[in-house]
Amino acid sequence: MTDIPQAATPAFATTDLCDDNEPLLATGELRVLPPAFRAWGRHARFAGPVATVRCDDDNSMVRKALETPGQGRVLVVDGGGSLRCALLGGNLAVLAEKNGWAGVLVDGCVRDTAEIDACRLGVRALAAHPRRSDRRGSGEREVSVEICGVKIAPGDWCYADADGVVIADRALHPV
Ligand SMILES: O=C([O-])CC(=O)C(=O)O
């Protein structure tokens with residue numbers, strides 16, 4: 001198997017990003033997701049520019065996105081907070097790893113969590129769910145989404161670590 005190099009995870013801590021950018025928290029250029037997400041995957045911390053999918057219990061567009069080169073990006077999946085099925089499982093996590101995605105954030109559920117935990121990937125989701133989603137080809141890619149009241153647009157930056165997940169209008173980590 002060809003091993004696609006993962007983009008190096010930038011040095012950051014979500015706590016420092018919040019402490020060092022209070023004016024941006026005030027203006028909304030830096031936004032904090034509510035602490036509603038559980039962590040899976042081998043990478044406890046990850047960051048990257050955002051790509052988006054919005055879907056309704058149908059993960060067709062999640063697969064389509066993860067089939068493309070990730071180039072260190074984070075796929076944000078607005079599943080509307082659905083607790084009805086899983087929008088990401090072991091196969092898609094392996095695909096994401098193979099294609100160089102830094103992480104996947106799902107406002108919804110995942111499954112095959114042991115398989116996800118074996119992938120060099122960071123995953124955040126609301127919960128695990130054993131049921132797979134529909135595959136009807138519905139859903140949208142590269143649209144602005146809103147997760148738990150937080151607006152996230154393609155090209156924003158997502159930073160996730162053990163303390164939380166933050167979204168910024170631009171890269172904020174020290175270079
Ligand atoms: O394929 C799917 O729809 C979700 C899944 O179970 C996997 O990624 O393994």
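A few comments on the model shown:
- Subset of the stretch 24-65 (residues that are part of a strand (DSSP E or B), among the hydrophobic types (A, V, I, L, M, F, W, C) and more than 16 Å from Arg111 (Cβ to Cβ)): Leu30, Val32, Phe46, Ala47, Val50, Ala51, Val53
- Residue within the stretch 140-150 that is within 16 Å of the ligand (Cβ to nearest atom) and buried (at least 19 other Cβ atoms within 10 Å of the Cβ) present: no
- Entry remark, the stretch 135-175: residues being assigned to a loop (DSSP other than H, G, I, E, B) and touching a helix residue (DSSP H, G or I) at 6+ places or on another chain (Cβ under 7 Å) number 7 in total.
- Residue in the stretch 156-163 that is in contact (Cβ under 8 Å) with a residue 40 or more places away in the chain, crowded, with 24+ Cβ neighbours inside 10 Å, within 23 Å of Asp16 (Cα to Cα) and hydroxyl-bearing (Ser, Thr, Tyr) present: yes
- Inside the stretch 66-124, residues that are within 11 Å of the ligand (Cβ to nearest atom), of a type in the set (Asp, Glu) and either assigned to a strand (DSSP E or B) or surrounded by 19 or more Cβ atoms within 10 Å (Cβ to Cβ) (or both) make up a count of 1.
- So Arg38, is it surrounded by 17 or more Cβ atoms within 10 Å (Cβ to Cβ), more than 11 Å from the ligand (Cβ to nearest atom) and at pLDDT 95 or above: no
- Of the residues making up the stretch 125-134, those that are among the small types (Gly, Ala, Ser), assigned to a strand (DSSP E or B) and farther than 19 Å from Ile167 by Cβ are Ala127, Ala128.
The values are calculated or read from the model by the stated rules, or taken from the named source; none is laboratory data. Everything numeric here is computed off the predicted structure, so don't read it as measured data. We place every Cβ from the backbone using ideal geometry, glycine too, and count neighbours over all the protein chains shown.
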